[in-house]
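Below is one structure; the comments refer to it alone.
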Amino acid sequence: MKYQLKIYCKTTALADLRSFLQTTLSELNLSDKDRHQLTLAVEEVCANLIIHSHQCNGSDQIKLEVKESPDKLIFEITDKGKAFNLLDYEVPDLKKVISEKRKGGLGIILVKTIMDEIEFESNKGKNTCRLIKWF
């Protein structure tokens, strides 16, 4: 089964994303913990795209497809913003983040912890990030 949502690149659209994910994931046989973690991971990637790749340009769009198979869920996020490769992301020094009392910068760590696989590709201005969770 496949579910799909398009949102505009503005932070207020994250509420629509959350609602879509909660509805979609509630239809699947997942624990509450898995639903919450998956929502958090997908929302983090989309928020980063909206803020950093699109600078909250409300005319740009992000497309999310949720693909279900018997043994895994695939969240495919596509956009045409500035490319960011999650795989090249360097984990910040947590001691430094704490000592600087810095806010932010830890969401990608959560995404990498929650998801089993992350794939990224960019082709002719179209970026695709696949977040894969095996069950």
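The values are calculated or read from the model by the stated rules, or taken from the named source; none is laboratory data. Keep in mind it's a predicted model, so treat the numbers as computed, not measured. A quick note on method: Cβ atoms are made from the backbone with ideal geometry, for glycine too, and the neighbour counts reach across all protein chains shown. Just so you know, the surface numbers come from the protein's heavy atoms only, side chains and all, with ligands and any DNA or RNA stripped out. Shrake-Rupley method; radii C 1.70, N 1.55, O 1.52, S 1.80 Å.
FRET efficiency for the pair residue 56 and residue 132, taken as 1/(1 + (r/R0)^6) with r the Cβ-Cβ distance and R0 = 25 Å, rounds to 0.35. In the structure shown, the pairs 80/124; 72/112; 10/126; 82/133; 6/33; 6/82 are assessed against 21 Å; a Cα-Cα span above that value is assigned to 82/133; 6/33. Measuring with a 1.4 angstrom probe and ignoring ligands and nucleic acids, residue 20 comes out at about 30 Å² accessible.
R0 = 22 Å: FRET efficiency of residue 123 with residue 65, Cβ-based, nearest 0.05?
0.85
Sparsely packed loop sites in region 1-81 (the GluC sites (Glu not before Pro) outside DSSP H, G, I, E and B with at most 15 other Cβ atoms within 10 Å) comprise 27.
Assuming 0.36 nm per residue, please report the length gained on full extension of the stretch residue 112 to residue 2 beyond their Cα-Cα distance.
So the extension gain works out to 37.3 nm.
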